[in-house]
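Undergrad: Supplied in structure tokens, the structure appears directly below.
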């Protein structure tokens, strides 16, 4: 126990001049005195110490509560991040499937279009060839001069064959160019 009058008097002066009081376990070792100033001082010190301890306890409880809330929020955040990652993975899979379906649809549409172009070109080529041949046969049967018609017929067939191969070659080239090399 501290009972030196000098120590207690110095503590009293500091309390009056600078509003500084002894607190904590140090208050417990001060010896009670018969002087009213010392008794009042010790009483003030004990009350202030109790208030300071309560404040520290409240702060500690508040910090612990906030820490608990932060931990819970971290767990929730982790779950949300995992859920978002799963949703992102699912969306990427769906996007890839949609792109693949679109690619297949485009290829099928291109194939059908190429088939239609080839059919129409062949029908026109065959139609012109048959029509020209019929006209040439009719001219031959009617005993007319077929020199000009024969040359025209020959040139027309050459042009039709050249154009048909050109069309088919172009279509095949476009088809080959649009295919992806895997």
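Undergrad: Have a look at 134, 63 and point out the one that is assigned to a helix (DSSP H, G or I) and modelled with pLDDT of 90 or more.
TA: After applying the criteria, what remains is 63.
Undergrad: Tell me the residue from 114, 124 that is surrounded by 14 or more Cβ atoms within 10 Å (Cβ to Cβ), at pLDDT 80 or above and under 55 Å from the mean Cα position of the chain (by Cα), please.
TA: 124
Undergrad: Might you check whether a residue that is outside any helix (DSSP H, G or I) and on the phi > 0 side of the Ramachandran plot occurs anywhere in the range 143-166?
TA: Yes, that holds for at least one residue.
Undergrad: Also, quick follow-up: Starting from the range 120-140, keep only residues that are free of Cβ contacts under 8 Å to residues at least 12 places away in the same chain, then list their pairs with residues that are surrounded by 12 or more Cβ atoms within 10 Å (Cβ to Cβ) and outside any helix (DSSP H, G or I) whose Cβ atoms are within a distance under 6 Å, requiring at least 6 positions of separation or different chains.
TA: 139/146; 140/146
Undergrad: For the structure I just gave you, tell me whether residue 129 is within 22 Å of the chain's Cα centre (by Cα) and part of a helix (DSSP H, G or I).
TA: Considered against the rule, which asks whether it is within 22 Å of the chain's Cα centre (by Cα) and part of a helix (DSSP H, G or I), residue 129 comes out as no.
Undergrad: Has the range 74-93 got at least one residue that is without any contact (Cβ under 8 Å) to a residue 60 or more places away in the chain, at negative phi and outside any helix (DSSP H, G or I)?
TA: No, the range 74-93 contains no residue that is without any contact (Cβ under 8 Å) to a residue 60 or more places away in the chain, at negative phi and outside any helix (DSSP H, G or I).
Undergrad: Residues in the range 171-179: is at least one surrounded by 13 or more Cβ atoms within 10 Å (Cβ to Cβ), touching a helix residue (DSSP H, G or I) at 6+ places or on another chain (Cβ under 7 Å) and in contact (Cβ under 8 Å) with a residue 40 or more places away in the chain?
TA: Yes, the range 171-179 has at least one match.
Undergrad: Sticking with this structure for a sec: So which residues in the range 30-55 are modelled with pLDDT of 75 or more and farther than 15 Å from residue 14 by Cβ?
TA: Result: 43, 46, 47, 49, 50, 51, 52, 53, 54, 55.
The values are calculated or read from the model by the stated rules, or taken from the named source; none is laboratory data. For clarity, every value in this text was computed on a predicted model and none was experimentally measured. Virtual Cβ from ideal backbone geometry, glycine too; neighbours counted across all protein chains shown.
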